[in-house]
Amino acid sequence: MGMGGRRFTVVVAVGVLAGVLAGCSSGGSEDAKGGVGASSSAVTGGATAGGTAAASAAGAASPAGSAAASVPAGGAGVTGSAAPPVAAVPSADLETALLDDKVVGQVLPDARAMAGWQEEKRKVDTADHSVTCTAAAPCAGKPLSGSVRFSSGDLVTRFLVETLPSRDAAKSRAKETYASYPVGPFKKVEAPALGSESQAFVGPLADGDGVSIVVRSGTVVASVTTEGGPVDPAAARRFAVMLVNRIEQAQAGKVPDAGLGAA
């Protein structure tokens, strides 16, 4: 190759790298979404080896357990005056379906992930809430619903996960959930995108005014609500980032372990 050809190749390579870095720094663009789910013995809706590579790439772009910049009032296990590092925003749109109650139970944050918070209620049941899943009566191969509630003083945080058999079913469910909020005193608020798609709302909840963030991550629709203290969308988003990271870990065939603190 002549000198002119080598110079042209270098220019093209630099341009491509600059474009990739710009996409990463923006927290994930629409073009970055649409990854294929990874195969796993713990999850259903199997995927190809190409899907495993895509999920691994998504995991590398969104390190599990990294912390967002905002720290909720009341503390959440992060100490020191310096702000924790900003979490990479999960943005994969994986096809993997989480239809195993054991996996859904792992996706829900636990005491380790919610350091400084007290777990109060935890439940995994079928999507129609007709059967509560237990070790003696597992619920595998069907859409599921999981929820857990944590408190810290007067503050309350709730996590809800609904698993669907496909992305299309999850998209329809997300639209239904979005539509349920604007009714009455709730109002939609502007917030950076999260997961495959998301919307944030502010309004009165059971323990006072609070924030609710609804997220779809591939085949899963999830929500995080915070209430009982000052209305703080940034704090609610921090919990939502953690939850979506845990969902994506499960979709990639990994044991979810993302938490609020730095990895």
Within region 146-188, which residues are surrounded by fewer than 15 Cβ atoms within 10 Å (Cβ to Cβ), touching a residue at least 24 places away in the same chain (Cβ under 8 Å) and not small (Gly, Ala, Ser)?
-> 154
Check on residue 136, part of a loop (DSSP other than H, G, I, E, B) and either at pLDDT below 95 or not assigned by TED's automatic domain parsing to the domain that holds residue 219 (or both) = yes
Given (1) out of contact with any Ser or Thr (no Cβ under 9 Å at 6 or more places or on another chain); (2) touching a residue at least 24 places away in the same chain (Cβ under 8 Å), number of the condition residue 208 does not satisfy | (2)
Out of (1) surrounded by 14 or more Cβ atoms within 10 Å (Cβ to Cβ); (2) touching a residue at least 24 places away in the same chain (Cβ under 8 Å); (3) in a strand (DSSP E or B), the one residue 95 does not meet is (3)
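The values are calculated or read from the model by the stated rules, or taken from the named source; none is laboratory data. The model shown is predicted, which means the values in this text are computed figures rather than measured ones. FYI the Cβ positions are ideal-geometry reconstructions off the backbone, even for glycines, and counts take in every protein chain you see.
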